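A short write-up of the structure that comes next.
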There are 2 protein chains.
Amino acid sequence: MNKSAFSFQLHHVDARSAARRSTFHTPHGAVEMPAFMPVATQGTVKGLDIGRVRETGAQMVLGNTYHLSLRPGAETVAALGGLHAMMGWDGPILTDSGGFQIFSLSQMAEITDEGARFRSHIDGSLIDLSPERSVEIQEHLGSDVAMVLDHVVALPSAPEVVHDAMERTIRWAERCREAASRDDQVLFAIVQGGLDARLRVACAERLRALDFPGYAIGGLSVGETPAEMLEALEATLPVLPTDRPRYLMGVGRPEDLLEAIGRGVDLFDCVIPTRNGRNALAFTERGPLRLRNQQFQQDTRPLEEGCPCPACRHSLGYLRHLFMAREMLGPVLLSMHNLTYYQRLLAAAREAILADRFEAFRREKFEGWASRDGPR
Amino acid sequence: MNKSAFSFQLHHVDARSAARRSTFHTPHGAVEMPAFMPVATQGTVKGLDIGRVRETGAQMVLGNTYHLSLRPGAETVAALGGLHAMMGWDGPILTDSGGFQIFSLSQMAEITDEGARFRSHIDGSLIDLSPERSVEIQEHLGSDVAMVLDHVVALPSAPEVVHDAMERTIRWAERCREAASRDDQVLFAIVQGGLDARLRVACAERLRALDFPGYAIGGLSVGETPAEMLEALEATLPVLPTDRPRYLMGVGRPEDLLEAIGRGVDLFDCVIPTRNGRNALAFTERGPLRLRNQQFQQDTRPLEEGCPCPACRHSLGYLRHLFMAREMLGPVLLSMHNLTYYQRLLAAAREAILADRFEAFRREKFEGWASRDGPR
């Protein structure tokens with residue numbers, strides 16, 4: 001195995017938008033993009049056996065370096081054959097670097113150039129995460145794509161804070177690349193810079209000069225408005241190389257995905273379909289449904305006509321019952337449905353791009369989501 | 001549809017035990033017996049989508065009248081097409097009568113000849129459950145096999161309490177039969193009588209005279225020892241007609257099933273495989289394993305070699321991780337495994353009976369379970 005197993009093919013750019021249809025090849029198979037990765041934080045997409053994950057149409061999944069390094073521990077994952085073998089997932093895997101979790105989970109993270117020092121959310125023990133250690137952990141996990149350790153800041157933050165974090169992210173990206181040793185794993189860089197377009201451009205340019213095999217846009221979806229996020233995206237994407245995958249981290253709702261695809265993003269991950277599913281919210285062509293709604297009590301219709309997922313073989317009334325009765329199967333089925341919904345949405349987007357009708361497709365979807373003409 | 005869709009065929013009785021190989025035909029298909037029914041208390045085998053339930057090898061499932069009548073309500077189940085349609089289960093279903101839940105869930109059940117009055121475990125509201133209402137609910141649920149309402153008492157109880165409950169159970173059985181109106185549902189009687197062999201015999205004889213299409217042994221597994229349970233079983237079974245199914249309610253562990261099969265029981269239900277699975281206990285050919293055990297941390301072996309279930313495609317180390325990280329997938333996978341284990345055990349028992357080697361089979365299984373020679 002060597003890095004030649006990785007390649008990126010850009011097949012087509014939509015005639016009226018920047019939407020791209022591409023394929024990303026990895027040692028564990030190809031990812032047809034634009035693509036959405038379900039999140040398997042602790043080595044499992046919550047509640048779904050791996051066969052059911054595959055059946056949603058997922059091509060690539062994401063594992064969290066921070067969580068897996070605490071439990072069961074990176075060395076244990078390695079002893080169990082790496083993350084692919086441990087999870088039973090033979091497709092591509094991407095692991096994040098822990099940068100976002102330092103930001104989101106740690107009340108008392110201390111970040112210096114050396115790295116981050118923070119307390120475990122499990123037992124409060126002190127943890128040091130340097131760029132080198134993040135790469136080491138991800139090499140133990142054995143993902144196909146590893147991410148550089150980045151410094152994420154809340155939005156809004158003072159300009160000098162955002163600037164410092166961006167500079168540190170670039171220094172850390174170089175150190176990560178220096179530390180990386182696996183031939184069957186590539187490292188994606190992460191563009192930071194908050195909502196400041198000039199910082200985003202500068203960061204993207206400098207990382208581009210470092211010639212990474214893929215680029216992520218990080219530090220978004222952390223408190224800014226959707227419009228602000230899209231502006232940051234619009235500043236960043238034109239600076240990134242066209243012959244590399246572009247990954248928007250931690251985003252988002254179906255509408256966010258289509259907006260980002262139209263601007264040239266290829267890859268996404270987000271907990272929304274599974275987290276919202278566990279909380280009884282289902283995505284459909286008519287917009288989101290709240291399954292606890294009393295009006296579904298005796299509704300014999302499925303969540304979504306024509307959806308092949310296991311949830312849609314049941315009635316809305318049954319799905320509501322499962323949530324009202326606090327049955328595990330409610331979260332399980334709605335997670336399957338929402339992931340299936342995302343995968344079908346992305347598959348349709350890929351078709352629309354090839355047909356040069358992505359913008360019309362996006363408008364149709366937005367109209368459907370706003371129509372609320374089905375069961376609510 | 002009419003009652004002619006139901007029939008019972010006794011194929012063979014083991015040469016050295018009372019173990020029976022039989023088939024029970026219902027409007028929703030045949031049940032090869034001895035058989036084990038997974039419990040779908042609230043219309044779901046906890047955590048398992050219905051396709052995965054089918055894949056465990058389950059032929060018939062059990063629904064709980066008490067729970068379903070409280071939530072979502074019998075009329076709602078009927079509006080959703082009945083329990084088969086609601087759950088998406090096209091095989092046979094048996095519903096209990098609520099008798100056991102009156103006993104087990106209700107602190108303040110008041111039982112008179114009219115029926116039981118008790119408080120809902122959900123909202124404390126007063127509920128009246130008479131034999132007639134139990135049948136009405138089960139007709140709304142639309143199970144293939146309904147059970148008569150019975151009066152279950154704790155063991156030990158005073159002789160007159162046990163006697164009274166037995167007499168009431170017989171009176172209620174007659175009233176249930178009087179109330180039953182569906183052609184596509186049969187009603188099984190329930191033998192009570194505590195641990196008193198004479199009471200058990202008397203109850204079985206009088207119910208036999210009433211000519212029910214199937215007979216259950218109830219009121220066991222409620223505090224007595226396994227040996228006491230088997231004695232009560234030995235007293236009862238010879239009195240039951242040989243040309244009707246015999247169902248031992250709420251039992252049990254794998255060893256209990258084999259002991260009961262050897263005495264002539266055909267049908268079982270129990271929450272043990274799913275409840276224990278949710279609590280990290282797995283049944284295997286070497287006896288039960290506790291998955292939280294530290295020694296499995298880096299164990300790459302599967303739970304059970306040759307087991308086709310989704311859990312056994314993973315390592316012990318991964319299964320342990322799921323429980324330590326409190327991931328839903330741990331309970332989900334172990335429920336699948338334990339149900340698969342039970343179904344494979346029963347399938348092997350059916351083979352052994354036909355080959356006149358059930359007793360040897362039972363001994364081999366007991367030796368395996370005691371060997372503890374695999375991972376512990």
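Taking a ≥ b ≥ c as the square roots of the eigenvalues of the Cα gyration tensor of segment A:90-216, is the shape rounded (a/c under 1.5), prolate (a/b larger than b/c) or oblate?
oblate
Roughly how many Å is it from the Cα centre of segment B:46-123 to that of segment B:166-201, as a whole number?
Segment B:46-123 and segment B:166-201 have Cα centres separated by 19 Å.
Taking amide H atoms as placed 1.01 Å from N in the peptide plane, list the residues 5 or more away in sequence, or in a different chain, whose amide H sits under 5 Å from that of residue B:35.
Counting only residues 5 or more places away or on other chains, the set is B:267, B:268.
Nearest 20 debye, what's the magnitude of the dipole of chain A about its Cα centre given +1 on Lys and Arg Cβ and -1 on Asp and Glu Cβ?
1180 debye
If the elastic network links every pair of Cα atoms under 10 Å, which of B:306, B:115, B:82 fluctuates the most in the Gaussian network model of chain B?
Sorting by GNM fluctuation, first place goes to B:306.
Report in % the part of the accessible area of the protein assembly as shown that belongs to carbon and sulfur, leaving out ligands and nucleic acids; probe 1.4 Å.
Here it works out to 48 percent.
Could you work out the local net charge near residue B:126, counting Lys and Arg as +1, Asp and Glu as -1, over the other residues with Cβ closer than 15 Å to its Cβ?
That works out to -1.
Using a ≥ b ≥ c from the Cα gyration tensor of segment A:104-171 (square roots of the eigenvalues), is it rounded, prolate or oblate, where a/c under 1.5 gives rounded and otherwise the larger of a/b and b/c decides, a/b for prolate?
Oblate.
Using θ = phi - 60° and the Karplus relation 6.51 cos²θ - 1.76 cosθ + 1.60, list the HN-Hα couplings for segment B:267-281 in order, rounded to whole Hz, with x at every Gly or Pro.
My calculation for segment B:267-281 gives 9, 9, 9, 5, 7, 3, x, 7, 5, 5, x, 4, 9, 6, 10 Hz in order.
Identify unpaired cysteines across chain B, taking unpaired to mean no other cysteine Cβ lies under 4.7 Å from the residue's Cβ.
B:176, B:203, B:270, B:309
How much area per residue is accessible in chain A when the probe is 1.4 Å and only protein heavy atoms are counted (Å²)?
I get 36 Å² per residue for this part.
Using a Gaussian network model of chain B whose springs link C-alpha atoms within less than 10 Å, name the residue from B:19, B:204, B:158 with the highest mean-square fluctuation.
Among B:19, B:204, B:158, the largest mean-square fluctuation in the Gaussian network model of chain B belongs to B:158.
Using the Cα centre as the reference, give the magnitude of the dipole from point charges on the C-beta atoms of segment B:309-376 (Lys, Arg: +1; Asp, Glu: -1; all else neutral), rounded to the nearest 20 debye.
On the way: 11 positive and 7 negative charges, 38 e Å.
In debye, rounded to 20, segment B:309-376 gives about 180.
Need one value for B:317-329: mean number of C-beta atoms belonging to other chains within 10 Å of its residues' C-beta atoms. Before the final figure, lay out the partial values.
Values: counts 7, 11, 0, 3, 11, 4, 0, 3, 10, 2, 9, 10, 12.
Across the residues of B:317-329, the mean count of other-chain Cβ atoms within 10 Å is 6.
Take segment B:13-71, drop everything but the C-alpha atoms, weight them equally and run the Debye formula without solvent; then report log10 I(q)/I(0) at 0.16, 0.19, 0.28 Å⁻¹ to two decimals.
After summing over all Cα pairs, the log10 values are -0.63, -0.80, -1.14.
Using the Cβ atoms and a cut-off under 11 Å, what net charge is assigned to the surroundings of residue B:305, where Lys and Arg are +1 and Asp and Glu are -1?
With Lys, Arg at +1 and Asp, Glu at -1, the neighbours total 0.
For chain B, with a Gaussian network of springs between Cα atoms less than 10 Å apart, report the residue from B:108, B:60, B:87 with the top mean-square fluctuation.
Of B:108, B:60, B:87, the Gaussian network model singles out B:108 as fluctuating most.
Dividing the Cα convex hull volume of chain A by residue count, how many Å³ per residue is that? Don't jump to the answer; show the numbers that get you there.
Numbers: hull volume 49.3 nm³, N = 376.
Given the Cα convex hull of chain A, per-residue volume reads 131 Å³.
Once you sort the root eigenvalues of the Cα gyration tensor of segment A:27-158 as a ≥ b ≥ c, which label holds: rounded (a/c under 1.5), prolate (a/b larger than b/c) or oblate (the other case)? Present the calculation step by step, with values, prior to reporting the outcome.
On the way: a/c = 1.93, a/b = 1.60, b/c = 1.21.
Note, shape of segment A:27-158 comes out prolate.
Per residue of segment A:305-310, in order, report the coupling 6.51 cos²θ - 1.76 cosθ + 1.60 (Karplus, θ = phi - 60°) as ³J(HN,Hα) in whole Hz, putting x for Gly and Pro.
Once rounded to whole Hz, the list reads 4, x, 6, x, 7, x.
If you take the accessible area of A alone, add that of B alone, and subtract the area of the pair, what total do you get in Å², probe 1.4 Å, to the nearest 100?
Adding both sides of the contact gives about 3200 Å².
From the label point of residue A:231, set 7 Å along Cα to the beta carbon, how far off in nm is each other copy's matching point, shortest first?
Spelled out, the distances from residue A:231's label point are 8.4 nm.
Tell me the distances, shortest first, between residue B:181 and the same position across the other copies, using label points 7 Å along Cα→Cβ, in nm to one decimal.
Listed shortest first, these distances are 7.9 nm.
If we hang a label 7 Å off Cα along the beta carbon direction at residue B:10, how far is it from the matching labels on the other copies, in nm, shortest first?
Residue B:10 label point versus its equivalents elsewhere: 7.9 nm.
Which helices, counted as full DSSP H runs in chain B, have an axial Cα extent of no less than 24 Å and a Kyte-Doolittle average of -1.0 or above?
Counting only whole DSSP H runs, the qualifying helices are B:159-179, B:329-354.
The values are calculated or read from the model by the stated rules, or taken from the named source; none is laboratory data. Not measured: the values here are computed from a predicted model. Note: ideal-geometry Cβ built from the backbone for every residue, glycine included; neighbour counts use all protein chains shown. What goes into the accessible areas is simple: the full protein's heavy atoms, side chains included, and nothing from ligands, DNA or RNA. Shrake-Rupley method; radii C 1.70, N 1.55, O 1.52, S 1.80 Å.
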